[in-house]
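Report on the structure given below.
The values are calculated or read from the model by the stated rules, or taken from the named source; none is laboratory data. Because the structure is a prediction, the values reported are computed rather than measured. Cβ: placed from backbone, ideal geometry, glycine included. Neighbour counts: every protein chain shown.
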Amino acid sequence: MDNLGRSLKMHCCTPRDFGVLYQLYVMHNFVFAVSVAVMSVDLGSEWMKIAIVKPGVPMEIILNKESRRKTPTAVCLKENERLFGDSAIGSVKNPKSVYRHLQSLLGKKHDNLQVALYQKRFPEHQLKEDPVRGTVYFKYSEEMQYTPEELLGMVLNFSRGLAQDFAEQPIKDAVITVPAFFNQAERRAVLQAAQMAGLKVLQLINDNTAVALNYGVFRRKDIDNTAKNVMFYDMGSGSTTATIVTYQTVKTKESGTQPQLQIRGVGFDRGLGGFEMDLRLRDHLAKLFNEQKKSKKDVRENHRAMAKLIKEAQRLKTVLSANVDFMAQVEGLMDDIDFKAKVTRAEFEELCADLFERVPRPVQDALTAAEMNMEEIEQVILVGGSTRVPRVQEVLLKAVGKEELGKNINADEAAAMGAVYQAAALSKAFKVKPFVVRDAAVFPIQVEFTRETEEDGIKTLKHNKRILFQRMAPYPQRKVITFNRYNADFVFDINYGDLSFLSQDDISVFGSLNLTTVKLSGVGSSFQKHADAESKGIKAHFNMDESGVLLLDRLSLYGIEINFIFLLVKQEKDGNKPEAEAEKKTKPKKKSKISEDITMELKFNDICDPAADDLTFSNKKLQDLTNRDLAKQEREKTLNSLEAYIFETQDKLYQDDYLSVITEEEKEQISTKLREVSEWMDEEGYDATTKQLKEKLSQLKGLCKDMSFRVEERRKWPDRLATLDTMLNTSSFFLRSAKLIPDDDQIFTEVELNLLEKVINETMTWKNETVAEQEKRSPKERPILLSKDIESKLALLDREVNYLLNKAKFAKPKVKAKAKNSTGFDQSSNANSTTEEKVIPPTEDESPEEVQTGEASPSDDDTVHTDSESQTQSTEEETTTGWI
C-alpha cells in the first residue's frame, strides 16, 4: 500500500505510471516445466552408489534413508515384508532370508565354480538348478523361490525409489555400471534385472570406464593432442581391475575438437577383493572363539553367529587399516556368550598373504593387453574401498615402480559420478559438453563355420574362423562378414576367440566359450529368385552396442543386377526435310544393387534368455511384492495417523482455543468416542485391516468436524480481515487517483470507475455488517463470518482493479494535431495527419499473468518489450534443462 500510494503521488497518475504500478501490484506465480531426471547405479558386489542429474542439480550422489552415501546391495525377504540396504544387512536373526553378492551368480550355470564358491560362502542358502536354463535359483520355501536376476531387479527398483525420493520426480532412465570382465551372458542378465525393475537402461557402462570418464571430465583443460596414459587400479569388495586409459583430444564431425578417453588395456582378478579378506578375518575370529571353549558348540555351524562375525570382521578390517591392533568384540555371539579377542594387523596380513601376492597380476595383464610397459604410464590412481588396506598399497607401489600412488579421485564414488555424466549425455533433456568415450571389448569374438571344399577330386569339410572383434577392440562398433560361397541354407557359430590369456580357473568361471548358433533359411530360394544377378554373397551385420552386448542385426543376400535400357533419342529437324529422323541408340549397361533379407534362427549356447512367459511371471511376482509393500506402508501410515489423531484431539480438548468453542455435551461425546477407539486399538487395532483403520479415523474426524471448523475459522479471521482492509484502502486510493486524471489524459470510462466504486462500497458494507453480526453470536455457534467468503470478496475486488491496471498498462498516449506553418506543412518531420490510437484493454477472461508475459498483448508496438524478453528467458529455462 505504501509503495503504491507513494508512486501514485510522485507520478501524477499518467497512463505510463499505471504500467509501472502494475509491477508493484500483481503477485507473480512461478511455473516450472516438467523436467526429466536421470540416474546412475554403480552396482558393486557389496555396495551400490546412486547418483542423479536433474535441472539445478548437475551431478550428485544421493543419500539413502539412513543418510548414507552408499547402500548395501542386499535384499531381505520375509514372509510379509521386504527389507533393503542397511535394514536387510541388519537382519542377522535369519541369514537365510538375506540375499547379497548376487553379481557372482549372474549368467552362471549351476555347475559353475563360482556357484560352488557362493554356496561355500553362504551355506544358509539353498541353490537349485533351473531345469530349462541350467542356471540357479534360491529356494527359501516352496512358495518363495527367486532367481538372482529377480533379486537384483528388486535391488535396482529400490535404488530407483531412492533416486526418485531424492529428485522429487519420477525417474526411468539409468546408466548402470558392470565389471569390465562381464561376458555376454552376464551383461544380458543385468539388462533382464533392470527390465524387471522398470528401468530403461541407456547404457551398461564398464565401471573402470565410468571412473576414467569422471577423472577426465574434471581435467578437461589438461587434455591436449598429446596422448597421456593413466592406469586405474580398482580393488573393490568382490574383484580387482587394472585399466590403462589414453587421454587426448580428437577431431569429431559433430563437435569439432573434443577430449577423448580410450581403453587400451584391462587386467583383472575376479576373486581378489575386500570380501575375501573379510571372510578370512571372520573365520579367524570363529577359530579364536572356539579356542576360548566357552561353548561346546562349533560357532561355524551357527549361521546367525557367523553373520554377526562377518559384520565384526568388516569393521575390524577397516580399523586395522589405521591401527596396528584392535579388540574385536561381539555381544551375545552364541548362546548368550559374549566374544572378545585381540587381533593385530600382522595377523591380518598373514591371513591374506596369498591375496596380497596376487595384487600385481592385473597390472601386468593390463600392460600386456595394451602392449605397453610401465614407463609409458604417467600415473597409477587408486580406486575402490579395498585399496585403503595398507598392505595392498605397499605391494602395488613396489609392482608399478612409481614414487607414489595417485589418490586424487573419490575412490568410492568416481564410478557413479562418471556413469551419471554419461546418463546426462545420453539423455535428451540435458546439454553436456562432449567427451568421446572409446571402450574396449575384453574378450575377442569370432565367427566359425564349416564349408565343403574339393581338392584333387576329393571333397572335405573345412572349419573356418573369422575374427569379428579382436581383444581390446573398441566399441560401439559395427562389423559385416560376407559369406560368398554359399547358395543354400547353412549354419554358422558365434564364439569367443582366443582366451589363452586367462588361467584355467578363470576359464572355468567364465562359462561357455560358445555364444550363438545361427541357422539361415531361405538362402536357396533367394538365389533362384535372382538367378541372373551377380551374387555378392550373404552379409551378416553385427553390432556391439554401447553396453558391450553383441547383436546380430540382420542377414541379407546382396548382389548386382544388370539392366539393359533402350532409349529413343532426339529428333533432328531440317528446314529442307519435312520429316523427323529418329535414331535408336543403346545406353550403357546400368548396374543396380539388390538386397533381400534372409530368415535366421538364433540358439544361445551360453545362457538362453528367459522365455516370454517366464519374464511375464517374474514381472508379476515382483509387482505383487511391490504392491504388498505399498499396502503395508499404507496400513502403517493409517495406523500412525489414527494414533496421532487420538492423542492430538485428546490434548486439544483442554486447549483454550477449543474450550471456547465447544459445549460440555460435545466435549463429553468426543472424549467418550476417543476413549472407545483407543481401547479398540489396544485390543484389536494392531490386527485390523487398513479399511477398518480408515473407517475409525473417518468416524473421529466426522465427530470433531464442527469443533475443528469453528476453531479454524476464528484463527483465520485476523489475517483475512486485515488483508481485506488493506485491499479496500488500496482500491479506494486507486479510485481516487484515477478520478484525478485530467479529462484529456483520462483512459478510464465513467462506467468502469463507477463499477469499481460500487464493488468497493458493497464489499465495505458486507464486511461491516457481517463482522457486527458475528460479534453478537456465541463462539459455540456455527459462525456466519466465513474465511471463504472473505477470500471471494478479495478476489472480486482484485479482479476489478487488475482490469483497470491492465488497461492502463497497454494504453497509448493520445497524439494531438500539430499546428501548420505558412507553407501548409506540419511543423514536425512527420507529415501524417492527426491520429488517435484506439485503446484496447484486455478482456475479462485474460489473467494479469497472461497479459504481463505478452500472451495477450493488446497491441503490436514495443511497449511491452521488456516483458516479452522476460518471457523468452523463462521459456528457454524451461526448454533447456541444464548444462553439465
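Just to be sure, is E79 more than 25 Å from A631 (Cβ to Cβ), among the acidic types (D, E) and either in the same structural domain as L309 (by TED's automatic domain parsing) or surrounded by fewer than 19 Cβ atoms within 10 Å (Cβ to Cβ) (or both)?
Judged against the criteria, E79 is not a match.
If a residue has to be under 19 Å from Q699 (Cβ atoms), part of a loop (DSSP other than H, G, I, E, B) and not aliphatic (A, V, I, L, M) to count, how many in the range 651-669 make the cut?
0
Looking only at the range 611-640, how many residues end up being more than 21 Å from N80 (Cβ to Cβ) and small (G, A, S)?
Looking only at that region, the number is 2.
Run K251 past the list (1) of a type in the set (K, R); (2) surrounded by fewer than 23 Cβ atoms within 10 Å (Cβ to Cβ); (3) modelled with pLDDT of 95 or more and report the number of the one that doesn't hold.
Unmet for K251, out of (1) of a type in the set (K, R); (2) surrounded by fewer than 23 Cβ atoms within 10 Å (Cβ to Cβ); (3) modelled with pLDDT of 95 or more: (3).
Checking K621 against (1) closer than 30 Å to K109 by Cβ; (2) touching a strand residue (DSSP E or B) at 6+ places or on another chain (Cβ under 6 Å), which test does it fail?
Just one mismatch for K621, condition (2).
Please identify the pairs in which a residue from the range 652-681 that is closer than 18 Å to E695 by Cα has its Cβ atom under 8 Å from the Cβ atom of a residue that is of a type in the set (S, T, N, Q) and crowded, with 16+ Cβ neighbours inside 10 Å, counting only partners at least 6 apart or on another chain.
Qualifying pairs under 8 Å: I670/T649; L674/T649.
Any residue in the range 258-283 that's surrounded by fewer than 20 Cβ atoms within 10 Å (Cβ to Cβ): show its pairings with residues that are outside any helix (DSSP H, G or I) and of a type in the set (A, V, I, L, M) at Cβ separation under 6 Å, as long as the two are six or more apart or on different chains.
Q258/V436
Identify, from the list K459, K465, K479, the residue that is among the basic types (K, R) and loosely packed, with under 12 Cβ neighbours inside 10 Å.
Step by step, each of K459, K465, K479 is checked, and only K459 is among the basic types (K, R) and loosely packed, with under 12 Cβ neighbours inside 10 Å.
I'd like the full set of residues that are β-branched (V, I, T) and either over 16 Å from P476 (Cα atoms) or touching a Pro at 6+ places or on another chain (Cβ under 8 Å) (or both), limited to the range 179-217.
V190, V211, V217, listed by residue number.
Can you confirm whether the range 270-281 contains a residue that is part of a strand (DSSP E or B) and of a type outside the set (K, R)?
Within the range 270-281 (the criterion being part of a strand (DSSP E or B) and of a type outside the set (K, R)), the answer is no, since none of the residues qualifies.
If we keep just the residues of the range 690-709 that are closer than 13 Å to N640 by Cα and under 38 Å from the mean Cα position of the chain (by Cα), which is surrounded by the most Cβ atoms within 10 Å (Cβ to Cβ)?
L693
Can you give me the number of residues within the range 148-170 that are within 10 Å of A37 (Cβ to Cβ) and surrounded by fewer than 22 Cβ atoms within 10 Å (Cβ to Cβ)?
Counting residues in the range 148-170 that are within 10 Å of A37 (Cβ to Cβ) and surrounded by fewer than 22 Cβ atoms within 10 Å (Cβ to Cβ) gives 6.
Against the condition touching a strand residue (DSSP E or B) at 6+ places or on another chain (Cβ under 7 Å) and surrounded by 24 or more Cβ atoms within 10 Å (Cβ to Cβ), how does T226 come out, does it pass?
In short, no.
Restricting attention to the range 394-403, does a residue exist that is in the same structural domain as V230 (by TED's automatic domain parsing), surrounded by 18 or more Cβ atoms within 10 Å (Cβ to Cβ), in contact with a strand residue (DSSP E or B) (Cβ under 6 Å, 6 or more places away or on another chain) and in a loop (DSSP other than H, G, I, E, B)?
Looking for residues that are in the same structural domain as V230 (by TED's automatic domain parsing), surrounded by 18 or more Cβ atoms within 10 Å (Cβ to Cβ), in contact with a strand residue (DSSP E or B) (Cβ under 6 Å, 6 or more places away or on another chain) and in a loop (DSSP other than H, G, I, E, B), one finds none in the range 394-403, hence no.
Filter the range 229-245 down to the residues that are over 18 Å from K407 (Cβ atoms) and of a type outside the set (S, T, N, Q), then identify the one that is surrounded by the most Cβ atoms within 10 Å (Cβ to Cβ).
I244
Consider N208 against the criteria (1) assigned to a loop (DSSP other than H, G, I, E, B); (2) farther than 17 Å from A425 by Cα: it satisfies all of them except one. Which criterion is unmet?
N208 satisfies all of (1) assigned to a loop (DSSP other than H, G, I, E, B); (2) farther than 17 Å from A425 by Cα except (1).
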